[in-house]
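Please read the structure below before turning to the comments.
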Amino acid sequence: MSSTPALFRIGKNFRFEATRRLDDGTYDGHSFTAEVVLSSPVLTPEGFVVDFGDLAPLKRYIDGALDHQILNEAVKDASNEGVAEHLLGWARNHLPTDVTLVLEEVRVRAGRPRPLPSAAFAAFEASHQLFGCATDIRAGACTATPTCSACPPPPSPGLGTSPCCYETTYAAPCTAGFRTR
């Protein structure tokens, strides 16, 4: 029986603001997150996959070439995938060899990153499955009042007033919006 060595994987996120010119000539601006994924079967003597300081040239490149730019003018393909491909190519050509050897991929997402929930809320989320909410529950569009005593109070101010809705108002009653796994 062969065993595969453990793979250590870590990601480093870089945020930037940019816009894309759409086919109809209008512009659509977003916050973007570029996540550099690094993986290795062994760690450095210091216990790292790679020292994040070695990624500083990529951050400088993102800040200079993409941040507050029109992406269509900065890269060949302004889609998330195209920008990710562009950054991956740049990283492979400009970062130190010890980084490029462990560089797995670059992912790009448009939109604000989701805030990390508290441990209590994460446990609730893990034990319940959302279903039946027709609106984006993270958009704060839910308006009904809570009726389920099994729902814990909000995890923290600003993250929500009910586990049924993550922003500022309640979602549909828990009995209609959650089921226990």
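Ligands, DNA and RNA excluded, the heavy atoms of residue 46 present near 130 Å² of accessible surface to a 1.4 Å solvent probe. Going by accessible surface with a 1.4 Å probe and the largest first, 10, 70 read 10, 70.
Karplus-based coupling profile of segment 87-103, in residue order and whole Hz: 5, 4, x, 4, 4, 5, 8, 10, 8, x, 4, 5, 7, 5, 5, 10, 6, with θ = phi - 60° in 6.51 cos²θ - 1.76 cosθ + 1.60 and x standing for Gly or Pro. Heavy-atom accessible area with a 1.4 Å probe sorts 30, 94, largest first, into 94, 30.
Run through every distinct alpha carbon pair of segment 37-104 and return the Kirkwood hydrodynamic radius in angstroms, one decimal place.
Working: mean 1/r = 0.0769 Å⁻¹.
Taking the inverse mean of 1/r over all distinct Cα pairs, segment 37-104 comes out at 13.0 Å.
Extension gain, residue 101 to residue 30, is 22.4 nm, computed as 0.36 nm per intervening residue step minus the present C-alpha separation. In whole angstrom, how far apart do the alpha carbon centroids of segment 43-73 and segment 5-29 sit? Going from one Cα centre to the other spans 13 Å.
The values are calculated or read from the model by the stated rules, or taken from the named source; none is laboratory data. In this text the structure is predicted, and so the values were computed from the model without any measurement. These accessible areas exclude ligands, DNA and RNA; they are computed on the full protein's heavy atoms, side chains included. Shrake-Rupley method; radii C 1.70, N 1.55, O 1.52, S 1.80 Å.
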